[in-house]
1. In the stretch 135-150, how many residues are in a loop (DSSP other than H, G, I, E, B) and hydrophobic (A, V, I, L, M, F, W, C)?
2. Would you pick out the residues in the stretch 113-154 that are within 24 Å of V166 (Cβ to Cβ), touching a His at 6+ places or on another chain (Cβ under 7 Å) and not small (G, A, S)?
3. Does R105 qualify as being modelled with pLDDT of 95 or more, over 23 Å from Q342 (Cβ atoms) and in contact with a helix residue (DSSP H, G or I) (Cβ under 8 Å, 6 or more places away or on another chain)?
4. List, please: which pairs have Cβ atoms under 6 Å, are six or more places apart or on different chains, and start with a residue in the stretch 117-135 that is within 19 Å of V37 (Cα to Cα) and touching a residue at least 40 places away in the same chain (Cβ under 8 Å) and end with one that is in a helix (DSSP H, G or I) and small (G, A, S)?
5. Got at least one residue in the stretch 456-471 being closer than 22 Å to R268 by Cβ and either assigned by TED's automatic domain parsing to the domain that holds L64 or among the hydrophobic types (A, V, I, L, M, F, W, C) (or both)?
6. Of the residues that make up the stretch 137-146, is at least one modelled with pLDDT of 95 or more, farther than 30 Å from S413 by Cα and either surrounded by fewer than 21 Cβ atoms within 10 Å (Cβ to Cβ) or in contact with a strand residue (DSSP E or B) (Cβ under 9 Å, 6 or more places away or on another chain) (or both)?
7. It is to be established whether one or more residues within the stretch 97-109 are surrounded by fewer than 16 Cβ atoms within 10 Å (Cβ to Cβ) and touching a strand residue (DSSP E or B) at 6+ places or on another chain (Cβ under 9 Å).
Amino acid sequence: MRNLTLNGISLTLDHLDWIFGEEEVALALDRGAAKRVQAARDVVDQHVEAGNIVYGLTTGFGKLKNVAIAQEDLATLQRNLIISHCTGVGEPMEPAEVRAVQVLRLNGIVRGHSGLRFEIVQQLVRLFNKGFVPEVPRKGSVGASGDLAPLAHMAATYMGVGHAYVRSVTKSGAVKYKRMTAAKALASVGEKPAEFAAKEGLGLINGTEVIKSVLARAVSRATNLSKACDIVASLTIEALNGSIKPFDARFAELKGHAGHSRTSSNVRRLLKGSKVLKSHADCDRVQDPYSLRCVPQVHGAFKTALEHVRGILTDELSSVTDNPILFPLTGEVISAGQFHGQPLSMIADYLALSLCTLANISERRVEQLVNPDLNDLPPFLTPEPGLNSGLMIAQVTAAALVSENKGHAHPASVDTVPTSANQEDHVSMGMAAARKIHAILDNTEAVVGIELMCAGQARDFNADHRPGKGAAAAHAILRTRVKTLGADRYLHPDLLAAGKLVSGGELVTAVQKAAGKLES
């Protein structure tokens, strides 16, 4: 069981990884949370009791900001706000992603600038700890005024509207999600539907937490992939009798990029003790192809991009992103643009195009492995070419995937469509930017899985020299899932198995156990 105490300022990507990894997490609030939350709530109550016209507290929303609402209708206003904004479409988000959204929203609220009652915050903590998970459609956010539609679906389930899941863990440790109506889900965990007062509905749906969750999940996957790419490239370098010299630490020093240095260090660690490379140290090949020789530059550039994305996202995890913002020390209620997702949409686009480069260079290494004009291996890595086609079409699949990635890499952050009768006239499209990263990740993990298959097959043709520790471990775990290819066979399950080794983290885990920790 992991214990996570929310204080509004110290949430990390590692904490979210617990949730994405389906670990048991128990939420708690820090000692100062009640005081901070109540101070903000006092500001709301003071304005409501005084009959002040304040946006978000006693008025309509968006274009309807000038419509004053009677005090006796404020609770109805909040309910109407939530249910009217439940306009999401598409497949539901993964429950683990929604659980991360629940944590992120609570983390922002406990900073003490949102205005929810403390008893509502306590109820949301209880719901998380009891395994109540809202069902949230994946599409419908433009990434400004917050993720209005998806967050409204989440808030609606707290009122007993819509559908939700109840999470449970079996004795064997398996995680299960049972879908039911939100009303039944609340009853099953012993909670009554929430009734929201002034500002509370708006405080729950105005934020960028859905973008943050989807992007954080992508960063987690990309971190694993960064290491996996170095591992598979190392196996390919050995299989093609490449040179370790381009990975000399002196080149990294001359280049001056930290990502380059980390990549070179990883490859040297993975190929340490390799008799394969040593046996070809003085061969007549003057230079390796770019896809081998420039791994430090290409993989390293990705590592640098990932580090930049991780840094900005980490800052955003503890940001206050709703509207209006309450300042308890002065009693002010100020409308601003904290909900705008542009910082997130831009780094999401950056991560997307950076991932494409990993797929591109991996596919080129696949070509180096299967093309007999480029190596001394049997054509398409089959022992009896002609009668058998071997891994010929695996490269075609890789080519199809890297080409598809180019369409997904079109930036979403440069687009905007005015909404709310032009009151909200510039939006970030941050959710679209975050969602498409996962499509690119799916493709890139599959391409790297294909390279893993091809490099492992090539290694089997030259098994007379001892490989480096990391390369040996990569080959060994591959062979627990995919057998050496002799005569042609139905390859689809093999491609899925190799891809899963990459995407599921098993490849990285096995290799790090043998060769030591790698840097991302």
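1. Within the stretch 135-150, residues that are in a loop (DSSP other than H, G, I, E, B) and hydrophobic (A, V, I, L, M, F, W, C) number 3.
2. Of everything in the stretch 113-154, those that are within 24 Å of V166 (Cβ to Cβ), touching a His at 6+ places or on another chain (Cβ under 7 Å) and not small (G, A, S) turn out to be P134, E135, V136, P137.
3. Here the answer is no, as R105 does not meet what is asked.
4. Final answer for the pair search is F118/A34.
5. Within the stretch 456-471, one or more residues are closer than 22 Å to R268 by Cβ and either assigned by TED's automatic domain parsing to the domain that holds L64 or among the hydrophobic types (A, V, I, L, M, F, W, C) (or both).
6. no
7. Among the residues of the stretch 97-109, not one is surrounded by fewer than 16 Cβ atoms within 10 Å (Cβ to Cβ) and touching a strand residue (DSSP E or B) at 6+ places or on another chain (Cβ under 9 Å), which makes the answer no.
For (1) polar (S, T, N, Q); (2) assigned by TED's automatic domain parsing to the domain that holds I347, each residue gets a yes or a no:
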| site | (1), (2) |
| --- | --- |
| E195 | no, no |
| K199 | no, no |
| S234 | yes, yes |
| I244 | no, yes |
| R250 | no, yes |
| G256 | no, yes |
| H260 | no, yes |
| K272 | no, yes |
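The values are calculated or read from the model by the stated rules, or taken from the named source; none is laboratory data. Remember, it's a predicted structure, so these values are computed and weren't measured experimentally. Glycine gets a Cβ as well: all are built from the backbone with ideal geometry, and neighbour counts include every protein chain shown.
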